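Taking it in order: structure first as C-alpha cells, then the write-up.
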Amino acid sequence: MKLEMHFPITRSKPLPIDHGHGLYGALKGVVPALEGLSGTGIHTIRGTPAPGGLLLLDPKRSKVQIRVEASHIPILMPLAGKSLNVLGTQIQLGVPHLEAITPAGRLWARIVTMKFASPAWDEARAQLIRHLESEYPKVTWEVRKPRTIRIHGKQILGFEVMAVHLNEQDSLHLQEEGFGGRRAFGCGIFVRVGEQPRG
C-alpha cells in the first residue's frame with residue numbers, strides 16, 4: 001500500500017519550474033537509499049509560474065510530496081527539518097504528515113512520458129493513447145498539451161493527461177502504479193482533480 005508524505009516547505013526562494021530532476025538529486029543527497037526505492041513517486045512542487053521560468057512558492061500550499069510504500073516511510077523520515085539545495089535554491093522542510101490514497105472518478109497527471117517511437121507530437125500522442133487504452137480499456141483518456149522535462153541535459157517529451165470515468169479499482173491502481181517512466185522526476189503521477197500542481 002502506498003501513502004503520500006507531505007513535507008511542508010517552511011522557507012524558500014523561487015525555484016525553476018522544471019525542477020523535477022534537481023529535487024530528486026537534493027532528496028537523494030539527504031537519503032541515499034531513495035535511489036533503491038523503486039516505484040516511489042516524487043511530485044513536482046506546487047506554486048505560481050513567474051517570468052524567467054521560475055516558480056513562486058506559497059508557504060500555505062507548497063510542499064515536497066512523495067508517494068511511497070508504507071513500509072518505506074521510516075527511510076524517508078530523516079528528511080524532516082532538513083534544508084535541501086534544489087538547483088541552487090535552498091528550501092527548508094518541516095515535519096511531514098501522511099495521507100491515504102483514495103479513489104476518484106477523474107485523475108490528472110502534469111506530464112506522462114514513455115519511450116516514443118517518434119519525436120513528432122502527433123505520432124507520440126497517438127502512441128501514448130494506444131498504450132493507455134491497452135492498459136486501462138474502461139477509462140476515457142484525454143491526452144492534452146505536450147510538455148518537456150530536462151534530465152541530464154536532455155529534453156524529454158511527455159504529455160499532460162486526464163483520466164475520466166474511472167471505477168474504484170482502476171483509480172486506485174493508476175494512483176498506486178502511475179504510468180510511463182521517470183516517476184522519481186515527477187512524471188506519470190496521477191492526482192485527484194482539484195489537487196493538481198500549477199505550472
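Coordinate-derived values only; no laboratory data. This is a predicted model, so every value here is computed, not measured. Because the Cβ atoms are built from the backbone with ideal geometry, glycine has one as well, and the counts that use them run over all protein chains shown.
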Here the residues within the stretch 27-37 that are exposed (fewer than 12 other Cβ atoms within 10 Å of the Cβ) and touching a residue at least 40 places away in the same chain (Cβ under 8 Å) are Ala33
Considering the stretch 155-189, residues that are touching a Lys or Arg at 6+ places or on another chain (Cβ under 7 Å) and exposed (fewer than 15 other Cβ atoms within 10 Å of the Cβ), and then whichever is nearest to Trp108 (Cα to Cα), we arrive at Val164
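Which strands (runs of 3 or more DSSP E) sit wholly inside the stretch 30-149 and have at least 2 residues that are among the aliphatic types (A, V, I, L, M) and under 23 Å from Glu177 (Cα atoms)?
Values: elements: 48-50, 54-56, 63-69, 83-86, 89-93, 97-100, 107-112.
Correct list: 63-69, 97-100, 107-112.
Yes/no per residue for (1) closer than 26 Å to Gly25 by Cα; (2) aromatic (Phe, Trp, Tyr); (3) without any contact (Cβ under 8 Å) to a residue 24 or more places away in the chain:
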position	(1), (2), (3)
Ile91	yes, no, no
His97	yes, no, no
Ile101	yes, no, no
Glu133	no, no, yes
Trp141	no, yes, yes
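For (1) closer than 19 Å to Glu99 by Cβ; (2) among the hydrophobic types (A, V, I, L, M, F, W, C); (3) surrounded by fewer than 17 Cβ atoms within 10 Å (Cβ to Cβ), each residue gets a yes or a no:
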residue: Gly39; (1), (2), (3): yes, no, yes
residue: Ile45; (1), (2), (3): yes, yes, no
residue: Leu57; (1), (2), (3): no, yes, no
residue: Lys60; (1), (2), (3): yes, no, yes
residue: Gln65; (1), (2), (3): yes, no, no
residue: His72; (1), (2), (3): yes, no, no
residue: Met77; (1), (2), (3): yes, yes, yes
By residue number, the members of the stretch 83-111 that are over 28 Å from Ile156 (Cβ atoms) and of a type in the set (D, E, K, R) are Glu99
